[in-house]
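The values are calculated or read from the model by the stated rules, or taken from the named source; none is laboratory data. Model, not experiment: these values are computed from the prediction. Backbone-built Cβ (ideal geometry, glycine too); neighbour counts: all protein chains shown. Ligands, DNA and RNA are stripped out before the accessible areas are found, and what is left, the full protein with its side chains, is counted by its heavy atoms. Shrake-Rupley method; radii C 1.70, N 1.55, O 1.52, S 1.80 Å.
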Amino acid sequence: MASNGYGAVRAVRNAAVAVLALSSSVFAEPVTIVALGDSLTAGYGLADQGDGLVPQLESWLKARGADVVVQNAGVSGDTTAGGLARVGWALGPEADAVIVTLGGNDLLRGLDPAGSRTNLEGILQETAARGLPVLLVAMPAPTNFGPEYKAAFDAMYVDLAAQYGAGLAEDFFAGLRAAGADPSDPASLAVFMQADGIHPNPEGVKLIVEGLGPKVEELLERVAD
């Protein structure tokens, strides 16, 4: 009887250890962030894809102690409409959070801010339905389309972030501005940009990551909550 009792206790103990081990492996899984964007996210024009926004951001976060995987869901040339069209399949079951960096190509084409707003709202509705926290990264409009266009375009990010409880990075190029560059002044940007004057070089990406990084850390905190 004693040996049988001990065997039963041992069996329970072993089962408990197995459960704890399984739980530990589950909780040890890294947080997966999906970066939904355009060529700026995809790493367009960079000879070494390791220099792109996604790998540099992941490295920046890991260097600061985050256990994270950042997935590159950037498609060159994508507008907000393109992002909306593919958000459903871009977010796999492993997604824990989303970064949305869209609008740059809408600006290049002078698209109606009302349409861009509707598209971004559709993306946020999809992420909300999945219970995923979001960081919305704004692409401030230039002044060449007029003050009304700029006001409407810039406001959509602020309004939608507030409406859907998303985090907001008010300027994708904040890191470049902090380094003294002005996105509206090509001369001041040249050292941080590729030859096309639109896409950042590796050093430019590094500065952009330094500007966005703290906002992404806030996003990770929301995942933990």
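Go through the residues of segment 143-153 one by one and say whether even a single one is open to solvent by less than 60 Å² (accessible area, probe 1.4 Å), farther than 22 Å from GLY92 by Cβ, not in a loop (DSSP other than H, G, I, E, B) and not hydrophobic (A, V, I, L, M, F, W, C). Yes; the residues of segment 143-153 include at least one that is open to solvent by less than 60 Å² (accessible area, probe 1.4 Å), farther than 22 Å from GLY92 by Cβ, not in a loop (DSSP other than H, G, I, E, B) and not hydrophobic (A, V, I, L, M, F, W, C).
Here is the figure for segment 159-193: residues that are closer than 23 Å to VAL223 by Cα and in a loop (DSSP other than H, G, I, E, B) total 5. Looking across segment 86-102, the residues that are free of Cβ contacts under 8 Å to residues at least 60 places away in the same chain and in contact with a Gly (Cβ under 9 Å, 6 or more places away or on another chain) come down to VAL87, ALA90.
Among the candidates VAL223, VAL216, the residue that is in contact (Cβ under 8 Å) with a residue 60 or more places away in the chain and open to solvent by 30 Å² or more (accessible area, probe 1.4 Å) is uniquely VAL223.
Hey, any hits in segment 71-89 for a residue that's within 20 Å of VAL54 (Cβ to Cβ), among the hydroxyl-bearing types (Ser, Thr, Tyr) and open to solvent by less than 60 Å² (accessible area, probe 1.4 Å)? Scanning segment 71-89 turns up at least one residue that is within 20 Å of VAL54 (Cβ to Cβ), among the hydroxyl-bearing types (Ser, Thr, Tyr) and open to solvent by less than 60 Å² (accessible area, probe 1.4 Å). Out of GLY122, GLY115, one residue alone is in contact with a helix residue (DSSP H, G or I) (Cβ under 6 Å, 6 or more places away or on another chain) and touching a residue at least 12 places away in the same chain (Cβ under 8 Å). It is GLY122. Against the numbered list (1) closer than 27 Å to PRO202 by Cα; (2) open to solvent by 40 Å² or more (accessible area, probe 1.4 Å); (3) of a type in the set (Asp, Glu), ASP171 comes up short only at (2). When you go through (1) of a type outside the set (A, V, I, L, M, F, W, C); (2) crowded, with 19+ Cβ neighbours inside 10 Å; (3) not in a helix (DSSP H, G or I) one by one for ASP196, which number turns out not to apply? With respect to (1) of a type outside the set (A, V, I, L, M, F, W, C); (2) crowded, with 19+ Cβ neighbours inside 10 Å; (3) not in a helix (DSSP H, G or I), ASP196 is out only on (2).
The test for being at pLDDT 95 or above and buried (at least 23 other Cβ atoms within 10 Å of the Cβ) holds for VAL100. Please verify whether THR127 is outside any loop (DSSP other than H, G, I, E, B), over 16 Å from the mean Cα position of the chain (by Cα) and not aliphatic (A, V, I, L, M), treating the condition exactly as stated. Against the criterion (outside any loop (DSSP other than H, G, I, E, B), over 16 Å from the mean Cα position of the chain (by Cα) and not aliphatic (A, V, I, L, M)), THR127 does not qualify.
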